[in-house]
Amino acid sequence: MKFLILTNVCLILLTGCQLISPILTNYNGVRMDVASYINHAWRFSLKEREVLVAYAKQQQKISSWHNLNSAKQHSLAEHRLIGRYCAEQKISAKKLDLIDQQIFSTIELQTKLQAMYARQQHIQLDYSSLNCEAKF
């Protein structure tokens with residue numbers, strides 16, 4: 001009986017956090033399906049959700065990849081490398097990969113992501129000089 005009560009209390013607390021999260025996390029600028037995934041995944045803390053939302057906002061810019069000229073594609077690829085590196089300082093790469101799977105869920109978006117990866121292979125960054133404090 002005590003176990004059942006404890007289980008119900010835990011379930012209520014988790015549900016309550018799910019309801020409060022949209023109030024505490026600003027999902028503006030994030031695709032609805034990605035925001036919903038972040039909000040409803042129990043594996044993310046509130047702080048992690050903030051990082052994932054900021055990360056998702058930046059990653060969604062890749063959807064305009066083929067409309068950009070070469071210089072802007074290079075800049076976007078560089079910003080993605082920096083964003084990914086800085087996000088990994090606050091949250092695991094595995095969790096970032098889960099968000100990438102949500103963002104790049106279609107074949108068209110996966111093609112753009114692959115083009116981005118190809119461009120990133122030619123970018124050399126000095127990670128020691130990056131300031132990630134203001135990023136997330």
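Which residues, counting only those in segment 66-78, are without any contact (Cβ under 8 Å) to a residue 12 or more places away in the chain and either basic (Lys, Arg) or open to solvent by 60 Å² or more (accessible area, probe 1.4 Å) (or both)?
Correct list: ASN67, ASN69, SER70, ALA71, LYS72.
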Which of (1) open to solvent by 20 Å² or more (accessible area, probe 1.4 Å); (2) at pLDDT 90 or above; (3) farther than 22 Å from TYR127 by Cα; (4) not aromatic (Phe, Trp, Tyr) does SER63 not meet, given it meets every other one? (2)
Open to solvent by 40 Å² or more (accessible area, probe 1.4 Å), closer than 24 Å to GLU48 by Cα and hydrophobic (A, V, I, L, M, F, W, C), is that true of ALA118? no
Name the one entry in GLU88, GLU133 that is within 19 Å of PHE44 (Cα to Cα) and open to solvent by 60 Å² or more (accessible area, probe 1.4 Å). GLU88
Give me the pairs, please: first residue somewhere in segment 79-102 and within 19 Å of ARG31 (Cβ to Cβ) and free of Cβ contacts under 8 Å to residues at least 40 places away in the same chain, second residue anywhere and open to solvent by less than 40 Å² (accessible area, probe 1.4 Å) and hydrophobic (A, V, I, L, M, F, W, C), beta-carbon distance under 7 Å, and either six or more positions apart or on two chains. ARG84/LEU96
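Looking only at segment 98-121, count how many residues are assigned to a loop (DSSP other than H, G, I, E, B) and more than 11 Å from ILE62 (Cβ to Cβ).
Total satisfying the criteria: 3.
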Checking GLN124 against (1) out of contact with any helix residue (DSSP H, G or I) (no Cβ under 9 Å at 6 or more places or on another chain); (2) assigned to a helix (DSSP H, G or I), which single condition isn't satisfied? (2)
Contacts under 8 angstrom Cβ, first residue in segment 110-136 being without any contact (Cβ under 8 Å) to a residue 60 or more places away in the chain, partner among the β-branched types (Val, Ile, Thr), 6 or more apart: LYS112/ILE62; LEU113/ILE62; MET116/ILE62; LEU125/ILE82; LEU130/ILE82
For segment 91-104, enumerate the residues that are polar (S, T, N, Q) and open to solvent by 70 Å² or more (accessible area, probe 1.4 Å). GLN101
Residue that is farthest from GLY83 (Cα to Cα) [pool: residues in segment 32-53 that are open to solvent by less than 80 Å² (accessible area, probe 1.4 Å) and not in a helix (DSSP H, G or I)]: ALA41
Looking only at segment 54-73, filter to residues that are part of a helix (DSSP H, G or I) and among the aliphatic types (A, V, I, L, M); which one of those is farthest from CYS86 (Cα to Cα)? ALA71
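The values are calculated or read from the model by the stated rules, or taken from the named source; none is laboratory data. Because the structure is a prediction, the values reported are computed rather than measured. Cβ: placed from backbone, ideal geometry, glycine included. Neighbour counts: every protein chain shown. Note: areas computed on protein heavy atoms with side chains; ligands, DNA, RNA excluded. Shrake-Rupley method; radii C 1.70, N 1.55, O 1.52, S 1.80 Å.
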